[in-house]
């Protein structure tokens with residue numbers, strides 16, 4: 001018994017010695033600051049690995065924050081890529097594959113977002129219904145939130161939804177129903193498939209879904225171009 005206790009103590013000590021020490025930021029949040037620290041956490045737990053969404057066959061990508069076509073009217077990402085944590089990618093792939101049997105698919109606007117971009121977005125809006133408060137951090141910063149819509153796989157066209165992406169009005173809410181029946185049905189189909197596969201909708205944005213395991217993942221500020 002004593003040998004077992006000593007062995008466990010050595011394991012715990014080794015884990016503590018290799019765990020990265022990250023000082024809290026000005027809000028008291030611990031944010032993974034760089035790729036090297038992220039790589040250590042991902043090696044210790046492969047479920048924390050960020051996976052490129054381009055690895056999902058047939059998934060469409062329209063990374064608006066790599067262009068000026070977004071509410072900030074300027075590129076916020078240097079590369080047009082989207083990542084999520086490994087289990088969220090598996091869940092998203094399952095949702096996309098289910099839709100594909102109906103001739104539908106998913107188009108992703110955004111996934112993992114570096115923390116510094118959340119700080120940048122907060123300044124002009126300062127409304128937590130639509131932009132995450134950096135004092136709390138975003139689930140996008142954890143690699144556990146995705147912005148997306150439905151597309152027709154045959155044509156590639158987006159299905160009609162209540163608003164364009166990043167519309168900061170009450171029309172974007174899930175409980176806004178002064179809409180045509182086809183738009184209500186499209187929003188409901190997206191919500192149904194995403195919740196079935198482990199995501200939760202943000203009430204104020206029809207396009208935003210949080211992976212239910214988001215609490216397991218750290219906030220990160222790793223640049224997209226370094227992944």
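Can you tell me how many residues within region 132-159 are closer than 21 Å to residue 103 by Cβ, touching a residue at least 60 places away in the same chain (Cβ under 8 Å) and assigned to a loop (DSSP other than H, G, I, E, B)? Before you say what the answer is, go through the steps one by one.
Restricting attention to region 132-159, the residues satisfying the condition of being closer than 21 Å to residue 103 by Cβ are 148-159.
Within this subset, residues satisfying the condition of being touching a residue at least 60 places away in the same chain (Cβ under 8 Å) are 148, 151, 153, 156.
Of the ones still in play, those that are also assigned to a loop (DSSP other than H, G, I, E, B) are 153, 156.
Adding up the residues that qualify gives 2.
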Note on region 181-202: residues farther than 14 Å from residue 145 by Cβ, touching a residue at least 40 places away in the same chain (Cβ under 8 Å) and assigned to a helix (DSSP H, G or I) are 189, 190, 193, 196
State the number of residues belonging to region 80-131 that are surrounded by fewer than 18 Cβ atoms within 10 Å (Cβ to Cβ) and closer than 16 Å to residue 190 by Cβ.
7
Within region 139-154, take every residue that is touching a helix residue (DSSP H, G or I) at 6+ places or on another chain (Cβ under 6 Å) and under 16 Å from residue 202 (Cα atoms) and give me the one that is surrounded by the most Cβ atoms within 10 Å (Cβ to Cβ).
141
Are there any pairs with C-beta distances below 7 angstrom linking a residue in region 56-84 that is touching a residue at least 12 places away in the same chain (Cβ under 8 Å) to a residue that is outside any loop (DSSP other than H, G, I, E, B) and surrounded by fewer than 19 Cβ atoms within 10 Å (Cβ to Cβ), with the two at least 6 apart or on different chains, and if so which?
58/100; 61/54; 76/120; 78/225; 79/225; 81/52; 83/52
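Within region 87-96, identify whether any single residue is touching a residue at least 40 places away in the same chain (Cβ under 8 Å) and out of contact with any strand residue (DSSP E or B) (no Cβ under 9 Å at 6 or more places or on another chain), and answer yes or no.
Within region 87-96, the subset touching a residue at least 40 places away in the same chain (Cβ under 8 Å) is 87-88, 91-92, 94-96.
Checking which are out of contact with any strand residue (DSSP E or B) (no Cβ under 9 Å at 6 or more places or on another chain) leaves us with 94.
The answer is yes, given that some residue of region 87-96 is touching a residue at least 40 places away in the same chain (Cβ under 8 Å) and out of contact with any strand residue (DSSP E or B) (no Cβ under 9 Å at 6 or more places or on another chain).
Read-outs: derived from the displayed coordinates by stated rules, not from any lab. None of these values were measured; they are calculated from a predicted model. Counting neighbours? That spans all protein chains shown, and the Cβs are built from the backbone with ideal geometry, glycine included.
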